[in-house]
Amino acid sequence: MTAIINGTDGITYPSWTTATRPASPTAGQMGFNTTTGLFDQYISGAWQSVPYGTGAVPQVTTYTSGSGTYTTPTGAKYLTVQLVGGGGGGGGGGTTLYSGTGGGTGGTTTFGTSLLSATGGTGGGSATFGPGGNGGAGTITSPATGYSIYGGAGGAAWYAGAGYNSAGGGGVNPLGGGSGSTGANTTGNAGANNTGAGGGGGGSGTSSFTGAGGGAGGYINAIISSPSVTYSYLVGTAGTAGTAGSGGSAGGAGATGIIIVTAYF
């Protein structure tokens, strides 16, 4: 089992299957593995597959709304996928407790139906002095691998007392965040587009209650080493902004989720 060297045709290496690799290899020994379609090299007491590339630039596909089908590009060796759920909306402020409405819950973002799923953050409460909305969570199932991070919770609401008060900020995640109202009795800021951030709560006037911030959507960063031909996808919607009660301001809307797929060749 020796390599054939020809000045015109190049070098032809020995070939084998994974099951029939040489039983007593020497360090540096190489051959072509017909099972994997890659070269094997014996290094540090073990067979290692030798990676290769086509020189193709990775192909990035981004989905910022809606649903549909992702088709894996021809020749892609593996995919990486980042995604976040939608952010929860901020609650509105008001003179009396629970006046106005709380923010809406963000939608769930999925890739491959149940393969990758990031839930949205919940909305912040309206005219209250409690905690903000909860952050979403991420779920990764086989054959995908990677990690997930809970979305940050929204900021708490406050009672303004005799003064004016800004509201709780929107929850954050690795793609961005949101903030509360910009000042006394002002509308809460919306989460930055396609970050899954929570919306800020609405501000209050004198002797009023502010709104709580919405929670951020869950975050996933995953790799799919043996891609399927197609994957369904769904981008989580933004949680709606809570309306203002009497004497207060409306909250800010949460941010829509996003899916970023990178194919490597």
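A short reminder: the numbers here are calculations on the coordinates, not readings from a lab. Note that the coordinates shown come from a computational prediction; the quantities given were computed from them, not determined experimentally. Note that we place each Cβ from the backbone using ideal geometry, even for glycine, and neighbour counts take in every protein chain shown.
What is the Cα centroid distance between the stretch 212-245 and the stretch 53-90, reported in whole angstrom?
13 Å
Could you give me D for the stretch 54-265, from Stokes-Einstein at 20 °C and 1.002 mPa s, where the hydrodynamic radius is the Kirkwood radius over C-alpha pairs? Units µm² s⁻¹, please. Numbers along the way, then the final one.
Values: Rh = 16.5 Å.
For the chosen part, D equals 130 µm²/s.
Taking the mean number of other Cβ atoms within 10 Å as a proxy for protection, how do you rank 78-85, 36-43 from highest to lowest?
Listed from highest to lowest mean packing, they are 78-85, 36-43.
With a 10 Å radius around each residue's Cβ, average the other Cβ atoms per peptide and rank 131-137, 93-99, 190-196, 206-212, highest first. Don't skip to the end; give the middle numbers.
Numbers: 131-137: 28.7, 93-99: 21.1, 190-196: 26.0, 206-212: 31.1.
By packing density, highest mean first, the sequence is 206-212, 131-137, 190-196, 93-99.
How much FRET efficiency would the formula 1/(1 + (r/R0)^6) give for Thr20 and Ile43, where r is the Cβ-Cβ distance and R0 is 22 Å, rounded to 0.05? Please report the intermediate quantities before stating the final value.
Working: r = 19 Å, r/R0 = 0.87.
Result of the calculation: an efficiency of 0.70.
Calculate log10 I(q)/I(0) of the stretch 4-50 for q = 0.14, 0.22, 0.27, 0.28 Å⁻¹, where I(q) comes from the Debye formula with a single equal point scatterer on each Cα and nothing for solvent.
At q = 0.14, 0.22, 0.27, 0.28 Å⁻¹ the computed log10 ratios are -0.34, -0.75, -0.99, -1.03.
Working only with C-alpha atoms, what are the Rg and Dmax values of the stretch 140-258, expressed in angstrom?
Cα only, the stretch 140-258: 17.3, 62 Å (Rg, Dmax).
Among DSSP beta bridges whose residues both lie in the chain, state the antiparallel percentage, nearest 5. The partial results should precede the final answer.
On the way: 54 of 56 bridges.
In the chain, DSSP labels about 95 percent of beta bridges as antiparallel.
Take the Cα of Thr80, step 7 Å along the line toward its Cβ, and report every residue of the stretch 218-241 whose backbone nitrogen sits under 14 Å from that point.
Correct set: 220-225.
Restricting to the stretch 4-50, compute how many DSSP beta bridges are antiparallel as a %, nearest 5.
On the way: 12 of 14 bridges.
Antiparallel bridges make up about 85 percent of those DSSP assigns within the stretch 4-50.
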